[in-house]
Amino acid sequence: MAGELCVLCYRIARLMKAIRQQLESAWYLFEKSRSYLVGKNLDEVQIEVYDLAFSLAELQAAKVMLEYAGIDCGAQEKSFKESVAFLHVAETIANLHTRLRLRPSAYGLVASDFEPDHLELLDQIQSSESLQSLGQRFRSEGGGLPSDHLDEEKSLMRRTFRKFADEKVAPLAEQIHREDQTIPDSIIKGVRELGCFGLSVPQRYGGLNPDERDDSLGMVVVTEELSRASLGAAGSLITRPEIMSRAILEGGSDSQKIKWLPKIAKGEPLVAISVTEPGTGSDVASVSLKATKVKGGWLLNGGKTWCTFAGKAGAILVLARTEPDVKPLHRGLSLFVVEKPSNDGHEFLFKSPGGGVVSGKAISTLGYRGMHSFEMFYEDFFVPDANLIGEENGRGNGFYYTMRGFSGGRLQTSARAAGVMQAAFEAALRYAEDRHVFNRSVASYPLTLQKLAKMGTSITVVRQAGYHVAGLMDEGDGQLEASLLKLYACRMAEWVTREALQIHGGMGYAEESPVSRYFVDARVLSIFEGAEETLALRVVGKALLDGTY
């Protein structure tokens, strides 16, 4: 027995070495392709940069997964982790070659740049037998993933919020989705009591975040569990408080921090973020909502769209143009806090005590129901000077404060993706075990096992990469890595929920099945917090072409 174990360990060690060598070769090929594009106009090489952005996201995740596979644990668990890590690395290498081989000349490559020796290794890892074995392992775990290696504090957080999500959120999730309801107070009250709204607020202001450092990992774990129960009814509740608190911490005056941060931590009032406009989308620098200086404050005029939770919120962080003639455009933007009464309906109109009105109407959507996103219109709406973030010193700096807030939002979106994927994965496995076709369970078929292997692997990769990026962000780094992770996580969420629906067959397409909700909810993830194309081209693409990635 001991001899067999030694042989197995030797084989795995050799495989790990071969995998690392192939990954290094893939990085070399990626870098050669990237270098060829340096100096070119980004808009002229959008297709190539877009593909490289996704390859970089997968390559970065592959590095994380090999480190994860190397963490010591029991033999069986270590084998589970290694199988998952090897599969992701193999798919990463295969995807990179596929993208580059489609248009090799566009990347300055020739046939000799593609080494054929990687094929045998990839074939071994992605063989039918290997995929079925991994799928069977996920099946035996009931959809459970390999060890997350979280410490006791974070493990306790996961158990606490999973219990809350299972007992308080999940039973209401379908009704909220199908009837397009606003999130009920019972859920919001529970989130308040658990301190969720204060996860990004320092303890000195009444939050849960340590004063001496950020705790992004805690936010990620909580978001995963709430999103697993419902993306629209719980998973996104703490996103807007995080964005607003980070923006205020970055640019707010001392008096604004003292006033707003304790309120955000308590969830009283609930908050919303209003950046997007009908003509701008993810092009934040082009925001045109006009803020005109008057005695004692500002008048807001113009429209906003996709302002999530605007009705229920009592405070909305609004990006507006205070300096119309300043170039570049992003230097003319400022942030304001618009205060209004909370409203449960799909429409509202509020008159400012200082004059003017703001109105909102909910946008009908395929999914992501519960919070509702609003079209907004401001007509000479008065906002006092005290509600300009940073006060006079913050004038023209709103773009930077907004970006600081969104940096954590992209990491959180990947956590939301992980939660939705996990719910879909578990639902698909349960259905596949119960459903019998041609005298055997759907779960026992090789094709289903292959799907389970790839689905479970994708979720594990998103989780582990998220934990890694959380650590980077807590050290003041990780901005680009958060964008890369969002690219990968949101695309995987679409694929995993699609496969989960497919495993359900016709029942998956029925609204009575929760997996249909997971599918439509997942679709929004690659659009908000920075649309996929904007991230790939304007954020990651810029870094690729100037060599700062």
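Give the dimensionless ratio obtained when the Cα radius of gyration of the chain is divided by 2.2 N^0.38 Å.
1.00
Can you put T239, T292 in order of accessible area, largest first, using a 1.4 Å probe?
T292, T239
Order the following by accessible area, largest value first: S130, S253. Probe radius 1.4 Å; ligands, DNA and RNA are ignored.
S130, S253
With the contact rule set at Cα under 8 Å and sequence spacing of 6 or more, what percent relative contact order holds for segment 39-123?
28
Students often check this: by mean Cβ neighbours within 10 Å, which of 517-529, 365-377 ranks highest, and how do the rest follow?
The packing order, highest mean first, is 517-529, 365-377.
Roughly how many Å is it from the Cα centre of segment 333-371 to that of segment 170-220, as a whole number?
21
³J(HN,Hα) across segment 310-320 via Karplus (A = 6.51, B = -1.76, C = 1.60, θ = phi - 60°), whole Hz, x for Gly/Pro?
Running phi through 6.51 cos²θ - 1.76 cosθ + 1.60 with θ = phi - 60° gives 4, x, 6, 5, x, 9, 10, 7, 10, 8, 9 Hz.
Could you pull out the GluC sites (Glu not before Pro) across segment 134-227 that fall in loop regions by DSSP (anything but H, G, I, E, B) with no more than 14 other Cβ atoms inside 10 Å?
E141, E179, E212
Largest first, what is the accessible-area ranking of V357, V89, V326 with a 1.4 Å probe?
So, going from the largest accessible area down, we get V326, V357, V89.
Hey, what number do you get for the chain at 222 nm if only DSSP H runs of n ≥ 4 count, each worth -39500 (n - 2.57), divided across all residues, to the nearest 500?
Helices in the chain give a 222 nm mean residue ellipticity of -17500 deg cm²/dmol.
What is the chain's relative contact order, in percent, from Cα pairs under 8 angstrom and six or more apart in sequence?
Contact order relative to length: 18 percent.
Near V337, within a Cβ-to-Cβ distance under 13 Å, what is the net charge of the other residues, with Lys and Arg +1 and Asp and Glu -1?
Here the count lands on +2.
Please give the net charge around A432, taking every other residue with its beta carbon less than 10 angstrom from that of A432, where Lys and Arg add +1 and Asp and Glu add -1.
Local net charge: +2.
If Lys and Arg each add +1 and Asp and Glu each add -1, what is the summed charge of the other residues whose beta carbon sits under 15 Å from the beta carbon of S236?
+4
Amide H to amide H, which residues 5 or more places from T276 or on other chains are under 5 Å from it, using H placed in the peptide plane?
T305
The values are calculated or read from the model by the stated rules, or taken from the named source; none is laboratory data. This one's a predicted model, so the numbers in the text were calculated from it and none came from an experiment. Glycine also receives a Cβ, built like all others from the backbone with ideal geometry; neighbour counts cover every protein chain displayed. Keep in mind that these areas ignore ligands, DNA and RNA; they rest on the heavy atoms of the full protein, side chains included. Shrake-Rupley method; radii C 1.70, N 1.55, O 1.52, S 1.80 Å.
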